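**Q** One structure, as structure tokens, below. Some questions next.
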Amino acid sequence: MHSLTVGQINVGRLKANKSKANYVKSTEAYSHIPLAHAASLVGFLARLKVGNSSIIGRMAEQIQPVSEQGSWILSWLPSWCPTSPSQLKDAEEKMLKCVKRPFSRQHVRISNDNYLWTLAFSTHPHLGSPPSPPAQTRLPLVLLHGFGGGVGLWAQNLDCLSNSGPVYALDLLGFGRSSRPQFRSDPEGAEELFVEALEEWREKVGLEELVLLGHNLGGYLSAAYTLRYPQRVKHLLLVEPWGFPARPDNPHHSSIPVWIRAMGAVMSPFNPLAGLRLAGPLGPMLVQTIRSDFKQKYSSVFEDNTASDYIYHLNAQTPSGETAFRNMTIPYGWAKRPMLERIGQVQADIPVSFIYGSRSSIDSDSGFAFKKTRPDVEIRVIRGAGHYVFADQPDDFNQTVLQILTRTEKTGNNNTQGLRPSVDTEGPNP
């Protein structure tokens, strides 16, 4: 294990990362930052070569000719961007080929004809493996991805985490292969739709109690769900959560170049990843170039651009959750409704744990601020990991999560009903 204790955390590194999070000077730095942070600050920095000509673009990811909400642009996007729901499905299946344990996949229907794309792993051990005693007692673990993510990003974690108990991974409403409805434009309304979709999903799957693990935006929504439905959550695990601190009055303003501040002001009405769709047929190459780190993160299971292709198809679809996220933020990527101002209302009997990467641009100040008011809060830092802790150091991440779960009080009705691994059903037009 390479996780650090609280006392071993390099405070100097955390402070230094604050300025790095605000201004990224090279594409290499993107490997340790979330998609949303990069998008809201400078967008994609593209330096692509086609033949002997060089295409140099400092493309803000928010730039587009007109708002993507316009009907004509939405009808035009499929012919401009080399993506489709079926291509996203194929890309996801390639990501999941490395998963060895049996699982089910299904669109779980919720209200308003919406559905949440779900992977479910039961308590049954892998064929040929001896039964694992904790499998009969552990509460279901529900995984929520971050902004621009999907269930396939957990590919290096699903086998290990599901070896001792049920695991569910789902695409958030508006992302991945889940429905992409129109969200309310106010931050409260957008957050409410995310949370209520998760609650309806829980009811449909049949889980009475669960352990909720969320990364990035998924961490923010996990906390929001716990505040709304505390009786359902037995442990809240926040992995590099987005949206916790309030924006400072002068958030390192001087470290951000004037042209970026001006562009941010002009482009703030547009979606964070609009530049990816504006790039059209160059989009896949753009992701492979600017976010080449994703290939490295999954190099132990894929030798090609499987991960980069998946990231592209996840985010080249019609924006929905992305639009909701934009309405929940203020420049540059700060939450309009900071979770740190509310998380103190989480019931005292619900354990809360934070997991951070030692090389991430997201520092752990929020976790420590909360720990001051709740000393029982656990904070773990994974050595050598960036923002995508679960992909950068999957083995250490998996063991850290399992260690935390073993300390979770095993009370209440341990409901393992729901989707079964023997069924592989497809939802509407997957």
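**Q** Among the listed pairs 336/371; 97/204; 89/204; 97/297; 100/234, which are separated by more than 20 Å between their Cα atoms?
**A** Distance filter (> 20 Å) returns 336/371; 97/204; 89/204; 100/234.
**Q** At 0.36 nm per residue, minus the direct Cα-Cα distance, what do residue 399 and residue 204 gain on full extension? Give it in nm, one decimal, please. Numbers along the way, then the final one.
**A** Working: separation 195, 0.36 × 195 = 70.20 nm, distance 2.99 nm.
Roughly 67.2 nm would be gained on extension.
**Q** Between residue 301 and residue 376, with labels modelled 7 Å along Cα→Cβ, what's the label distance in nm to one decimal, could you check?
**A** 3.4 nm
**Q** If you don't mind, another one. Within the stretch 357-388, find all residues whose amide N lies under 19 Å from a label point positioned 7 Å from the Cα of residue 406 along Cα-to-beta-carbon.
**A** Counting only backbone N, you get 378-383.
**Q** Loop-only trypsin sites (Lys or Arg not before Pro) in the stretch 341-375, please: DSSP not H, G, I, E or B, and at most 14 other Cβ atoms within 10 Å.
**A** Here the sparse-neighbourhood loop sites are 342.
**Q** Shifting gears a bit: Could you list which residues have their amide H under 5 Å from that of residue 208, counting only those 5 or more apart in sequence or on another chain, with H placed in the peptide plane?
**A** Hits under the 5 Å cutoff: 415.
**Q** Could I ask something else about it? Stretched out fully, how many nm does the piece from residue 228 to residue 368 gain, at 0.36 nm a residue minus the Cα gap?
**A** Extra length available between residue 228 and residue 368 comes to 48.1 nm.
Bear in mind these aren't lab numbers, they're just calculated from the coordinates by the rules spelled out. This structure is a prediction, so every number in the text was calculated from the model and none was measured. Here the Cβ is made from the backbone with ideal geometry for all residues, glycine too, and neighbour counts use every protein chain on show.
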